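Read-outs throughout are calculated quantities, based only on the coordinates presented, and are distinct from any laboratory measurement. Because the structure is a prediction, the values reported are computed rather than measured. All Cβ positions, glycine included, derive from the backbone under ideal geometry; neighbour counts span all protein chains shown.
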Amino acid sequence: MTPPGTLLPVLLSSDVIQARVAELATAISSDYREQDLTLVGILKGSVIFLADLLRQLTIPVTVDFLAITSYQGSGSQKGAVRLVKDLDEEITDRSLLIVEDIVDTGLTLGYLVRTLAARGPASVRICTLLDRPQRRIVPLPLAYRGFEITDDFVVGYGLDYRQYYRQLPAIYLFSPD
Ligand code: IMP
């Protein structure tokens, strides 16, 4: 069975990604050493990044996940985001760090930050592996950011095209054909 589309050259190698993840983990371990930290992973794209980041943290931390769907349509639904799996744990007074694969328009995280902030956590910040600022619609402060990339579509290291390619250890440019 052939997956859809075509892999183009590597944009970020596994070594480059792992080195950057280690730097982010060092910064997070230092910044959150006095706090009750919970990593909030957004299913499914963030799972590879979150798993690697988590294993490099040197402070106590809990992990929770949520899943969302976004409507790509037009009209009043455009950009709307709906929670399809909520967190399992209470987050009152905890310091939340949302872990995301890529921030593109910012619509997804704009909605999630608002939703989580309303539940009374100590703080809500964002850690994204990739940032594509050119396409931003909702301005968002990114506390931790792995790499800034251009407008090209990418797959690998958790990022998918029609659910495929998440298992690749590097991030590739991609053509859907
Ligand atoms: P945003 O709400 O536009 O910021 O959407 C971010 C989400 O879109 C990410 O979590 C990804 O699931 C998806 N996404 C955006 N760009 C890419 C890409 O280049 N490859 C794979 N998924 C992407």
In the chain the DSSP beta bridges are antiparallel at a rate, in percent to nearest 5, of 35
Compute, for the chain, the length of the dipole vector about the Cα centre, with Cβ point charges of +1 (Lys, Arg) and -1 (Asp, Glu) only. Units Debye, rounded to 20. 400
Which of rounded, prolate or oblate describes segment 1-104 when judged by the alpha-carbon gyration tensor and an a/c cut-off of 1.5? oblate
Shape category assigned to the chain from the gyration tensor of Cα positions, a/c cut at 1.5: oblate
Kyte-Doolittle at least -0.5, axis length at least 20 Å by Cα - qualifying DSSP helices, the chain: 14-31
The chain: relative contact order from alpha carbon pairs under 8 Å, six or more residues apart, as a whole percent, is 26
Which of 138, 21, 47 fluctuates most in a GNM of the chain (C-alpha springs under 10 Å)? That residue is 138
Springs between alpha-carbon pairs under 10 angstrom, Gaussian network model over the chain: which of 149, 137, 48 fluctuates most? 137
Please get the size of the charge dipole for segment 78-177, origin at its Cα centre, with Cβ charges of +1 on Lys and Arg and -1 on Asp and Glu, quoted in debye to the nearest 20. 280
Let me have the relative contact order for segment 88-171, percent, based on Cα pairs under 8 Å that are six or more residues apart. 26
What net charge is computed for the residues neighbouring residue 16, neighbours being all others with C-beta under 14 Å from the C-beta of residue 16, Lys and Arg scored +1, Asp and Glu -1? -3
In terms of the Cα gyration tensor, with a ≥ b ≥ c the square roots of its eigenvalues, is segment 1-58 rounded because a/c is under 1.5, prolate because a/b exceeds b/c, or oblate? oblate
